[in-house]
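Values in this text are rule-based calculations from the coordinates and carry no lab data. What you are looking at is a predicted structure, and each value in this text was computed from that prediction instead of being measured. Positions of Cβ are generated from backbone atoms using ideal geometry, with glycine treated the same way; all protein chains shown enter the neighbour counts.
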Amino acid sequence: MFIDGANLYAAARSLGFDIDYKRLRDGFASEGRLVRAFYYTALVEDQEYSPIRPLVDWLDYNGYTMVTKPTKEFTDASGRRKIKGNMDIELAIDVMEMAERVDHILLFSGDGDFRRLVEAVQRKGVRVSVISTVRSQPPMVADELRRQADNFIELQDLAPSIARVHHHREPMGGPAAPGAPEMPGQGGPYANF
């Protein structure tokens, strides 16, 4: 499993649900032999509190191989400050390295830049399933990536088995303080975005 964190988050959000990463991993592991589950995300380093940090820590302790790097801040041509945190190269290198050891890759991304990567691992005899959505407006998967994949899995079709179930319950001692971070697995991925 290769998960483009920001891309998967945006796709699930556009469909109106949060992903339960334990259910996601366990569900695919029950379908075959899951060698590794990679999760890629960029982190803003200078913030006192990062809303994604609890998710990253939870994933790291619960069977995911985390691949992170700090974001870079720059000023664009119009003088606006921008933050950049692209993980495409890291994901592509890991896919190419793992292609010798697996027969099927699950790519959780709709990024059209991965079309050539998919084509390259297919030439090595590896099947590739792309998981994203065409049911959002606009669709979150590039048409060329969807066509290149051996199998396209609609994220919305997976929702019943991977969506986080929201339970409303108060912690012992009463309701949480306003603005308190949600616990990973309880709050959503990127809960404060």
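A few remarks follow.
- With N the number of residues in the range 56-134, Rg(Cα) / (2.2 N^0.38 Å) evaluates to 1.35.
- Here the alpha carbons of the range 1-85 define both size measures, Rg and Dmax, at 15.2, 50 Å.
- Gain in span if fully extended, Arg116 to Arg36, counting 0.36 nm per residue against the direct Cα distance: 26.6 nm
- Our estimate of slack between Asp143 and Asp46, defined as 0.36 nm per intervening residue step minus the Cα-Cα distance, is 31.3 nm.
- Our note on the geometry: Cα centres of the range 76-99 and the range 21-75, 15 Å apart.
- Arg81-Arg135 pseudo-label distance in nm [points 7 Å out on the Cα-to-Cβ vector]: 4.0 nm
- Kirkwood Rh (inverse of mean 1/r, distinct Cα pairs), the range 28-70, angstrom: 11.6 Å
- The 3J(HN,Hα) values that the Karplus relation (6.51, -1.76, 1.60; θ = phi - 60°) gives for the range 69-83 are, in residue order, 8, x, 6, 10, 9, 8, 10, 7, 4, 8, x, 7, 6, 10, 10 Hz. Gly and Pro appear as x.
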